[in-house]
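The values are calculated or read from the model by the stated rules, or taken from the named source; none is laboratory data. Given the structure is predicted, the values throughout are model-derived calculations rather than measurements. Note that we place each Cβ from the backbone using ideal geometry, even for glycine, and neighbour counts take in every protein chain shown. Calculation scope for accessible area: heavy atoms of the full protein, side chains included, ligands and nucleic acids excluded. Shrake-Rupley method; radii C 1.70, N 1.55, O 1.52, S 1.80 Å.
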Protein chains: 2
Amino acid sequence: MTPQPLQPAAVARLIDHTLLRADALPAEIEKLCREALHYSFAAVCVNSVYVPLVARLLRGSSPAVCSVAGFPLGAMLAEAKLREAELALAAGACEIDMVIHVGALKAGEDAAVAADIRGIAGVCRSAGALCKVILETALLTDEEKRRACLLARDAGAAFVKTSTGFGPGGATPADVRLLRETVGPAMGVKASGGVRSLDDLLQMVAAGATRIGASAGVKIVEEARTRYAAAGGPR
Amino acid sequence: MTPQPLQPAAVARLIDHTLLRADALPAEIEKLCREALHYSFAAVCVNSVYVPLVARLLRGSSPAVCSVAGFPLGAMLAEAKLREAELALAAGACEIDMVIHVGALKAGEDAAVAADIRGIAGVCRSAGALCKVILETALLTDEEKRRACLLARDAGAAFVKTSTGFGPGGATPADVRLLRETVGPAMGVKASGGVRSLDDLLQMVAAGATRIGASAGVKIVEEARTRYAAAGGPR
């Protein structure tokens, strides 16, 4: 028996509809929000300068407002990264994707990495928001990925996330599996970077991802609709 | 008559010795500082998390402590970018390389771009520090480059700077010439991104650059020494 394909609405609910390019225009962010409302994506993910605009356009609707902090290098002063998160929350974000300081992790400065995460996870919790911790897996050894996962879990983050999309590589099924095995079933795992098709998404979900960061969300859901209709499901 | 090549010390005084990779280790930053002291580079340029370390290692010596703000995307909330600059200054930075919000520039939101620069140029001035404004020229049309230059000049910045090194392209002699022609002789122009050899540097200087951002500073100055010695100058 062929498995029933995932319903298109279920696919959309997995996707953080994302536009993080340096030259993204306000008009492109508005389009992103219209698409998120149309497809009911999980969230709209933007750089923090666009949080006020996105919060206004999504007010009262289901997609969450997701901002990044310390993005994409993760190497800003911890207090500045925390301040960026606080300002984004105050402007209406309800999810913060923060980047760890990769250099500190690699140098074994685990207390600094943990404090960085704990600060942002704390202001998120106070605001009723989710904190996702971006590891930038393409820069890390498997040991470093596991260590970062445990630091994120113990610091109270809601999700671990593979990639910024600006590093030397994106999400892989093997990395998603490693993250899922390390954090256990209770935390979220977000796969991001290079997820460009429905098959990419399904691979990540099979590996344990519960959220997908993608700029190709519209294409992916349209693929899901086509496949679902072809399998005889109602459109 | 062949022109006398630039003295190696003069070459070194043009260079911001730079390491901005996400995975830069504390030990690599320490090496960067030792090299800056040895060669008397203009500055050491790092992500803000490393400003306290660099400020400690360079205390009382000639190379300046240079941090970045809103780097490399420029698309963080203006208040967060300003806060990052303030915290870096408080930690010992005396030069701040900030990235403009490219999307706002492209959308014609010049007042927002100007306010962003004015805020950071202002805290720099109060701290006796220099503010350099990164345009990310590879993303801009010539009209946008000129407009950004005038906004930076009128907002009180000390330098305009071509590139982050993380965009789709780096400095070109044509862009440096355009920036120099637009801001006139009083402001600094920093060429950065892809300057990997002495000849690259000399081209940028000939086009009007007064500062060079490079991670290859040691190689460049060693090339200058070799060439200077070959031309009969004292080493």
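Just a few scattered comments:
- Cysteines having no other Cys beta carbon under 4.7 Å from their own, within chain A: A:33, A:94, A:149
- Positive end of the dipole of the range A:8-230 (Cβ unit charges, origin at the Cα centre): among A:67, A:150, A:92, the Cα lying farthest that way belongs to A:92.
- Cα-based equivalent ellipsoid, the range B:55-120: semi-axes from gyration tensor eigenvalues, Å: 27, 10, 9
- Note on residue B:83: accessible area approximately 80 square angstrom, rounded to 10, probe 1.4 Å, nucleic acids and ligands left out.
- Look at the stretch B:39-48: the mean tally of other chain Cβ atoms within 10 Å of its residues' Cβ atoms is 2.
- With label points defined 7 Å past Cα in the direction of Cβ, position residue B:230 shows copy-to-copy spacings of 6.2 nm, given to one decimal and shortest first.
- Sequence of B:97, B:199 when ordered by accessible area, the most exposed leading, probe 1.4 angstrom: B:199, B:97
- For the axis carrying chain B to chain A: nearest C-beta residue of B, whole Å: B:83, 2
- q = 0.11, 0.13, 0.16, 0.17 Å⁻¹: log10 I(q)/I(0) that the Debye formula gives for the range A:87-169, counting C-alpha atoms only: -0.27, -0.37, -0.55, -0.62
- Neighbours of residue A:100, meaning other residues whose beta-carbon lies under 9 angstrom from its beta-carbon, give a summed charge of -2 when Lys and Arg score +1 and Asp and Glu score -1.
- Computed from label points 7 Å out along Cα-Cβ, the spacing between residue A:90 and residue A:181 is 4.4 nm.
- Under conditions of 10 °C and 1.306 mPa s, the range A:130-188 yields 142 µm² s⁻¹ as its translational diffusion coefficient, taking Rh as the Kirkwood radius over Cα pairs in the Stokes-Einstein equation.
- Principal axes of the protein assembly as shown: Cα extent on each, largest first, Å: 84, 45, 40
- Spatially proximal lysines relative to residue B:132 (Cα-Cα < 29 Å; intrachain offsets below 8 disregarded): A:81, B:31, B:81, B:106, B:145, B:161, B:190, B:219
- Gained length - residue A:115 relative to residue A:27, 0.36 nm times residue gap less alpha-carbon distance: 28.0 nm
- Average silhouette area of the range B:3-75, convex hull of alpha-carbon atoms, in square nanometres: 5.8 nm²
- Projecting the Cα positions of B:44, B:20, B:55 onto the charge dipole of the range B:20-66 (unit charges on Cβ atoms of Lys, Arg, Asp and Glu, taken about the Cα centre) puts B:55 furthest along the positive direction.
- Cβ neighbours within 10 Å from other chains - mean over A:19-31: 5
- Cβ-vector label at 7 Å, residue A:27, separations to other copies in nm: 5.2
- Two-site FRET efficiency, residue A:197 against residue A:62, from Cβ-Cβ distance with R₀ of 22 Å, rounded to 0.05: 0.35
- Debye intensity ratio I(q)/I(0), log10, the range B:148-235, q values 0.22 Å⁻¹ (C-alpha model): -1.00
- Here is how far apart the residue A:154 label points are across copies: 5.4 nm, shortest first, using a point 7 Å from Cα toward Cβ.
- Based on alpha-carbon atoms, the Kirkwood radius and the radius of gyration of the range A:8-230 give Rg/Rh equal to 0.95.
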